[in-house]
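The structure appears right after this line, and notes come after that.
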Amino acid sequence: MLILRLIRCRSTLGQYDGAVGTASLWLLICGLLLLQACTSSVPQVPRQDDWPPGKPRQAQRLRLLAGEQTDPLLWWSQNILEMVPPDIYPDAQTARQAEDFIAETNAKRTAAGLQPLVPLPLMNRVAQAHALDQATRDYWNHRTPEDLGSRDRILAAGKVDVMHGGENSAVARPGQATVRDVVDEFSIHPGHRELLYDPEVEFIGVGIYNYSPAEHIHFVQLLVSF
């Protein structure tokens, strides 16, 4: 049978990101990948009419380290950011994918005559924390369930204010999209494209996380300037 590739994307840019609100855009991109038999023992991913969940469907999977914390930024830092390991990514393969994610992004920009972006460990950590959080609690949104946007999360992690930029994000089924595919989709769709090719952003951070083979991979791309 024909197997379809599925990538869905969302983007925030400029004043639409952060505490003042989110302009979210999601698009369904389907393309033919290959012919293969449909018999498989892999557990089924959620039906498409159940996706994307804007609110957590698996909130109980998050193990709180500081559940009593009442300050929203500290709560996120102590309960979500602290889940990210010192090396940021869970394994060497994901770390290589993150490097490729950044390289593909800069290749698109330099081909368009723009300066490449500088990767920052802080931005990688914030992006990875959001990818991990979304995958763990099973939701997809630029804002956390506690209503923190990417600028809030960067402020919580590094005590720095974002002056310009935003966040692109995508989800895809395991094995059916590479980081090149994700960046290609960002480069051709409104919102994602404007952020990807924004000449005013200077720094990049990326996150990639998959909670289980039966669930979607979350890709997060932060493009900002301070």
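The values are calculated or read from the model by the stated rules, or taken from the named source; none is laboratory data. As the structure is a prediction and not an experimental result, all values here were calculated from the model. With ideal geometry, Cβ positions are generated from the backbone for all residues, glycine too; neighbour counts draw on all protein chains shown. When the accessible area is computed, the model is the full protein with side chains, heavy atoms only, and any ligands, DNA or RNA have been set aside. Shrake-Rupley method; radii C 1.70, N 1.55, O 1.52, S 1.80 Å.
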Open item on the list: Per-residue counts of other Cβ atoms within 10 Å, averaged by peptide: what ranking do you get for 174-184, 148-158, highest first?
Closed with: 148-158, 174-184
- [ ] Relative to the compact-globule scaling 2.2 N^0.38 Å, provide the ratio for the alpha-carbon radius of gyration of the stretch 177-222.
- [x] 1.29
Task: Residue-normalised accessible area of the stretch 117-226, given per residue in Å² at a 1.4 Å probe - done: 32 Å²
Open item on the list: Could you compute how fast the stretch 112-226 diffuses translationally, taking Rh as the Kirkwood radius over C-alpha pairs and applying Stokes-Einstein at 37 °C with viscosity 0.692 mPa s? Give it in µm² per second.
Closed with: 229 µm²/s
